[in-house]
Each structure stands twice: as C-alpha cells, then as structure tokens.
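The values are calculated or read from the model by the stated rules, or taken from the named source; none is laboratory data. Since we're looking at a predicted model, the values are computed, not measured. Cβ placement follows ideal geometry from the backbone for every residue including glycine, while neighbour counts extend to all protein chains displayed. For the accessible areas, the whole protein counts, side chains as well, though only heavy atoms, and no ligand, DNA or RNA atoms are used. Shrake-Rupley method; radii C 1.70, N 1.55, O 1.52, S 1.80 Å.
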Amino acid sequence: MVVGAWRDDRIGSALRGENPAVMRRLDAGFAVIGDVQFLPGYSVLLTDDPSVQRLSELPRSRRLAFLDGMDRLGEAVERACRRVETGFRRVNLEILGNADRFLHAHVWPRYDWEPEERVRLPVWLYPREMWGEERYALGARHGPVREAIGKELDRLAR
C-alpha cells in the first residue's frame, strides 16, 4: 500500500520528486497511478499548479496541454490494460473536482468481468467499502500494470 505525508500535498510532493505514485511528468501535469486499484490501471492526471481548481482557470495553451495529457494518459491506460489485464473493455475519462480542490482528471479502465449491474454505471457508484479495502490498495502487485502504463506514456511521447 502506498502511504505517506505526500498524500496531504500530492502536487507539491510531485513537484519535489517525493510523490511515489507519479509514473511520468507530462507537459501540464503528472500521470499518477491511483490509490485504489479495484479496476486495475486506474490512473489520475494531476495539474502541476496546486492553485488551479478548474480547467477554465488555466490559460488556453495550458488548458489544451492538460487535455492533451488526459488524452495521452487515457490512451496509455487503454493500451497497457489491453495488454496486461484480462477482460479490458474501455476507458472512462472524467474531470469532476468535487472532493479535491485541485484540477485533476480520472482515467478509469473498465472490464468485461465487472458485475453487470455496475459495468454501465459510473465507477463512483461502486460500494464505498471497496474504496478502503486493503486488497484494492495500491501495492507492489500493481507493478506490472504501472510499468506498462509508463512504457506506453513514453511511446506516445515520441
């Protein structure tokens, strides 16, 4: 499980090189692996400016760079999960901003093995207990999908 004070300042710790969830630095943010992995490969794009709360607060060039990073991370998750996970179905991209007060985008891989009553619904409707269960916490066992996403991000950067 990934633990530490860096969670209290995810962006600042990423800027200082202290955030262990960072997979890659992108033009307008950081691609990080998600804290929970009940859908393996869940990732987040964090803005690199902790004062920015909304996409509309960025100047147009930075806004487009952030959206490009979201697209790139989404494609990397799709390619990686298709290769290293079973039953990959698609990727959902979301910019919500309801809980954390900084701009970030969620990249959720979706799978054929998800329960039928959940597969067509937003991930946020999964039971609350799944978000805190130790078996879904980010850990060493997620190394292969994390590494695959990082490699895909590198390929897409070329």
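Of note:
- Residue list for the range 77-93, given a label point 7 angstrom along the Cα-to-Cβ vector of LYS151 and an amide N cut-off under 12 Å: 80-81, 83-85
- Percent accessible area from carbon and sulfur atoms, the range 101-158, protein chains only, probe 1.4 Å: 54
- 1.4 Å probe accessible area per residue over the range 8-158, in Å²: 52
- Gain upon complete extension [ASP8, GLU133; 0.36 nm per residue less C-alpha separation]: 43.0 nm
- Against the chain, whose longest principal axis comes from its Cα atoms, helix 143-157 is set at around 50 degrees.
- Those residues of the range 19-54 whose amide nitrogen sits under 15 Å from the label point placed on ARG83, 7 Å along Cα→Cβ: 41
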